[in-house]
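What follows draws every value from the coordinates through simple rules; no lab data is involved. Keep in mind the model is a prediction, meaning the values are calculated, not measured. Every residue, glycine among them, receives a Cβ derived from its backbone with ideal geometry; neighbour counts consider all protein chains shown.
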Amino acid sequence: MTILDIRDLTIRTAGGRVLVDGLSLSLAPGQRLGLIGESGSGKSLTSLAVLGLLPEGMAASGSVELAGTQVVGASERRLAKVRGRDAAIVFQEPLTALDPLMRAGRQIAEPLRRRGLSGTELRRAVLAALERVLLPEPERIARAFPHEMSGGQRQRVALAMALACEPKLLIADEPTTALDVTVQAELLDLLDALVREREMAVLFVSHDLAVVAKVADRVLVLKDGRAVEEGDVRDIVTAPREPYTRALVASARQLESALDRRSGR
Amino acid sequence: MTPVLELDRVSFAYRGSAAPVVEDVSLTVADGQSLALVGESGAGKTTLLRLLLGLTRPTSGTVRFGGDELRLGDRELMRRFRRGVQCVFQDPYSSLDPRRRIGSIVAEPLRSLGLETRHTAGPRVAAALERVGLPADAAERYPHEFSGGQRQRVAIARATVCEPRVLLADEPVSALDVTTRVAVVELLNELKREQGLTLVMVSHDLSVVASLCERTAVLENGRVVEEGDTARVLGAPAHPYTTRLVESVPRLPGPRD
């Protein structure tokens, strides 16, 4: 059984430029796949295409099957049923992902309300969602506006929103890139624990191999819209086969070894 | 020996704000001892850099260059200072004027310092571009023709064209992809070695710090909580905050055990 089955996905601009080229991947329940690439590799576009969220003027062809629904060419009505329930997404920058004029509690309530919750039941579900992402004082956070929270708190709220409807697949697009390193470490641990206990499938998009390795079991390396190499995280970072992957790993290792040398580890 | 740059009990607070952004910071930068300023967002790293550049005046305390107090009114001193201390910023897309050719961008410090004119700057601009590994015809082209990594090389060429003693850099490689990042780190190391350049670098990336700086100062809430040899600070941190920073760095997994 697969949750996500992407076959021969191609994404073009209106001008006909190919940004993602014949990409195929699949995810079973509980599997965690990292999508690795540098800027312009098409990793974010791929994650947006899964939810039918491609920017205006870009067209997808091929097949994206999400929990049995064909996303490519689907109507907005059809997509609205899939988003949040089958798959939800957490973006890089929580400040732009959250509505600045809406209190955190109301933002989390929105997807829950669409699932038919209301009144006390809804309020309880919102607080439970905030507790789940280990936010201190959930009542206070529920009443707070995004600008009243720190970056890490905002990203936890965004994560709470994504998890609110218990999606089968969580897509995380550079979810910790805008955060400080200590906050990043906490959020990665939290994300890892939450998806493990729910056996949720994860598509984790990042440019940082070490970050991906903390959450994903498998990685797919993308370059200029094409899949370069796919495999177990450990195999890829210890024995990359393709020259491009080798260059990526070597760069990451080179920086890391400077730290090891200086810190005597 | 007199330090090149010195912060002596410097504090800075925005007008009308009670809490200082930088509080009672004393740091020295000696020739050949590159210094990293490390800390998280809001720790005051960038404010310290602005103080060192003379772009922000301290609320109290003194900033010195070569032993002399930085006074914006002292034109002779400020001229020496601008020649001796140059800077590179984080974002190579916003730090270069899109409407000027690379040659004119890189020549700017030479012209504004009165070292060369538009007509005589050519050879030094060419040398600076060559040092950072850009082709000679780059001078004729515009910033949009270059990738992020190449643009950062242009910014470094501009900052080093007048052969300064100190290069202040605010997150110089954090906007770059990892392969490009390694190449720019190598370039900065080369400039340190061959031009005798001393770096003062703000960075949140400890592996970049370890690659480039002999000394490290850790900032938390506007105060220096720890300072010393990079190897000592990162290898045997004395402050719990430093320990937390070092332990939070995500690591590549090793071979299967």
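Structure values in brief
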item	result
Amide H contacts of A:Leu4 (H built 1.01 Å from N, under 5 Å, at least 5 apart or other chain)	A:Leu27, A:Ala67
Order of A:Glu137, A:Glu148, A:Glu56 under a 10 Å beta carbon neighbour criterion, fewest first	A:Glu56, A:Glu137, A:Glu148
Phi to ³J(HN,Hα) by Karplus 6.51 cos²θ - 1.76 cosθ + 1.60 over the stretch B:87-100, Hz, x for Gly, Pro	9, 10, 9, 5, 9, x, 7, 9, 9, 10, 5, x, 9, 10
Relative contact order (percent, whole number), chain B, Cα cutoff 8 Å, 6+ residue spacing	25
Charge dipole (debye, nearest 20) of chain B; +1 at Cβ of Lys and Arg, -1 at Cβ of Asp and Glu	740
Karplus-derived 3J(HN,Hα), 6.51/-1.76/1.60, for each residue of the stretch A:13-21, Hz, glycine and proline x	7, 4, x, x, 6, 8, 9, 10, 10
Alpha-carbon centroids, the stretch A:43-117 and the stretch B:208-232: separation in whole Å	42
Three-way shape label, chain B, alpha-carbon gyration tensor, a/c 1.5	oblate
Among A:Ala109, A:Ala250, A:Met149 - extreme Cα towards positive end, dipole of chain A, charges at beta-carbon	A:Ala109
Among beta bridges that DSSP assigns inside chain A, antiparallel share in %, nearest 5	50
Charged-residue dipole, Cβ positions (Lys, Arg, Asp, Glu), the stretch A:4-263 about Cα centre, Debye nearest 20	600
Net charge of Cβ neighbours under 12 Å - reference B:Val29; Lys, Arg +1; Asp, Glu -1	-1
Relative contact order for the stretch A:46-186, counting Cα pairs under 8 Å that sit 6 or more residues apart, in percent	31
Chain A - percent relative contact order, Cα under 8 Å, separation 6 or more	26
Two-decimal log10 I(q)/I(0) for chain A, as the Debye equation yields it once each C-alpha is a single scatterer, q = 0.09, 0.10, 0.11, 0.16 Å⁻¹	-0.42, -0.52, -0.63, -1.25
Distant-in-sequence amide H partners of B:Met201 (H built 1.01 Å from N, under 5 Å)	B:Leu35, B:Ala36, B:Leu37, B:Ala169
Neighbour-count ranking [beta-carbon atoms within 10 angstrom, fewest first] of A:Met58, A:Met200	A:Met58, A:Met200
Lys, Arg +1 and Asp, Glu -1 on Cβ, resulting dipole of the protein assembly as shown about Cα centre, debye, nearest 20	940
Of B:Lys45/B:Lys192; A:Lys81/A:Lys168; A:Lys43/B:Lys192; A:Lys168/A:Lys214, those spanning more than 25 Å from alpha-carbon to alpha-carbon	A:Lys43/B:Lys192
Positive minus negative residues near A:Gly231 (Lys, Arg vs Asp, Glu; Cβ under 12 Å)	-3
DSSP bridge pairs, the protein assembly as shown: antiparallel proportion in percent, nearest 5	50
Other-chain or far-sequence residues with amide H under 5 Å of A:Ile171's (modelled H)	A:Ala88, A:Ile89, A:Val90, A:Leu203
Around B:Gln152: net Lys/Arg minus Asp/Glu count, Cβ-Cβ under 10 Å	+2
Rounded to whole Hz, the Karplus (6.51, -1.76, 1.60) HN-Hα couplings of the stretch A:5-12, x for glycine and proline	10, 9, 10, 6, 6, 10, 10, 10
